[in-house]
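The next block holds one structure in the form of structure tokens; read it before the comments.
The values are calculated or read from the model by the stated rules, or taken from the named source; none is laboratory data. Keep in mind that what you see is a predicted model, and the values were worked out from it rather than measured. Glycine also receives a Cβ, built like all others from the backbone with ideal geometry; neighbour counts cover every protein chain displayed.
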Amino acid sequence: MAHWHDPNPLQRFIGNDTANVKVIASEQSADGSVSALLQGDKFEKKIRTQMPDGSPAAARLYPILPPTTRVYAEFLSACTACGKCIDVCPEHILKTAEKEYEVYGIHDARGKVTVSFELGFCRQNCHRCADVCPTGAIPLLELAEKRAVRMGWAQFNSRTCITQTDHVPCDACARHCPQKAIILVEKEGQKIPRINNRLCTGCGACEFYCPARPKAIYIEGI
Ligand code: SF4
Ligand code: SF4
Ligand code: SF4
């Protein structure tokens, strides 16, 4: 039986549609952080739910893969670190990996590719990275299909959302979400985001536009 320090971790991580999601395992690491393995109808996912200091997880633990790549081991074995995708990304969200893949116990992935949303987010009408990838590590799909492939999961941390910290209205994440996966719901006199992770594809628009620091909404890799 999982032991939760967070009052409602499932809702925070996968939205309100938790009926078919089970906690398979929960573990505390040596540094004090807590992770859980979740299983739903069509997915299994390990998430970090609590930071070493006991606060809710507010930082990405699992790296984000380029769009349309689904399995990190397959991607890392096919990627030759040529950097062509990084060069052509109009949003500058593809970058050279440093230690990101070490969470999977992989220590030789430096120089391969991962995603971050400091400078932009993945455009729905773009597949330039797949166009130029010479090895097929980033599969080239029709745009409609590419748009439907999940890159990650949006996570919300109300403790840093400015609607709660500064008590000012904000709807940046909901307004910019191309999937309409975020609605605003009333909480203590302010409207706060609620994510529908069945609609979210992990494009990163919400993280990019969120004004909070640390980001109150961010994408966790698959
Ligand atoms: S699809 Fe376009 S915006 Fe998204 S990562 Fe690839 S090149 Fe960048
Ligand atoms: S990651 Fe993209 S699809 Fe998901 S909630 Fe954020 S903006 Fe919407
Ligand atoms: S954009 Fe960030 S600060 Fe604004 S409502 Fe969304 S999560 Fe909160």
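General observations
- Considering (1) closer than 17 Å to Pro214 by Cβ; (2) more than 16 Å from ligand 1 (Cβ to nearest atom), the lone condition that Gly152 does not fulfil carries the number (2).
- Restricting segment 161-183 to residues that are within 25 Å of Ile222 (Cα to Cα) and hydrophobic (A, V, I, L, M, F, W, C), the residue that is surrounded by the most Cβ atoms within 10 Å (Cβ to Cβ): Cys173
- Candidates in segment 147-162 are the residues that are within 12 Å of ligand 3 (Cβ to nearest atom) and outside any helix (DSSP H, G or I); of these, the one that is nearest to Thr68 (Cα to Cα) is Ala154.
- Within segment 115-149, the set of residues being buried (at least 21 other Cβ atoms within 10 Å of the Cβ) and under 25 Å from Lys215 (Cα atoms) comprises Val115, Phe117, Phe121, Cys122.
- Residue within segment 204-215 that is buried (at least 23 other Cβ atoms within 10 Å of the Cβ) and modelled with pLDDT under 90 present: yes
- Residues satisfying the stated conditions in segment 69-87, i.e. more than 20 Å from Val149 (Cα to Cα) and touching a Lys or Arg at 6+ places or on another chain (Cβ under 6 Å): Ala81
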